[in-house]
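All remarks here apply to the structure that follows.
Where a number appears in this text, it was derived from the coordinates with a stated rule and is not lab data. These figures come from a predicted structure and were not determined experimentally. Every residue, glycine as well, gets a Cβ built from its backbone with ideal geometry; the counts of neighbours run over all protein chains shown.
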Amino acid sequence: QVQLVESGGGLVQPGGSLRLSCAASGSFYRIADMGWYRQAPEKQRELVATITSGGDTNYTDSVKGRFTISRDNAKNTVYLQMTSLKPEDTAVYYCNAMAFANRFVYFEHWGQGTLVTVSL
């Protein structure tokens, strides 16, 4: 029904920047909240940032002031601008979207993930 495809991951040096994108496609009525999660090696998956349809944002404390989440509703795309990257930001980053199949029914969808490696 809904496909989420992330892009923009890669290798970056500490202090560098990277911009992730996630585009939603397929059949859906509308997309409500979207977000980014990440899972580092041998760590639990954690919330990074969320954004509502209206643009309200929320961030985990460890990325506040460094990461910015945004979205383009016309393109059904969510972005994560990451700056001042640290080695501890290394993780697979997953796109998340709450998509309505119709005006009453919704499902949570996940992308396949994109790897971000912060290293010298």
Quiz item: What list of whole percents do you get for P(r) of the chain, with Cα-Cα distances grouped in 10 Å bins up to the one holding the largest distance?
Solution: 14, 48, 29, 8, 1
Exercise. Scan the range 69-120 for trypsin sites (Lys or Arg not before Pro) in coil per DSSP, keeping those whose Cβ has at most 16 other Cβ atoms within 10 Å, and list them by number.
Key: ARG103
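Expected output is a single nm value to one decimal: the length gained when fully extending between GLN44 and TRP110, i.e. 0.36 nm times separation in residues minus the C-alpha distance. What is it?
22.2 nm
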Self-check item: Share of alpha-carbon pairs per 5 Å distance bin for the range 54-120, given as whole %
Solution: 3, 12, 20, 25, 19, 11, 6, 3, 1, 0
Self-check item: Loop-located chymotrypsin sites (Phe, Trp or Tyr not before Pro) in the range 26-120, at most 10 other Cβ atoms within 10 Å (DSSP)
Solution: PHE104
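Evaluate the charge dipole of the chain about its Cα centre and quote only its size in Debye, nearest 20, assuming +1 on the Cβ of each Lys and Arg and -1 on the Cβ of each Asp and Glu.
Dipole size: approximately 200 debye.
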Quiz item: In percent, how large is the relative contact order of the range 39-120, given Cα pairs closer than 8 Å and 6 or more residues apart?
Solution: 22
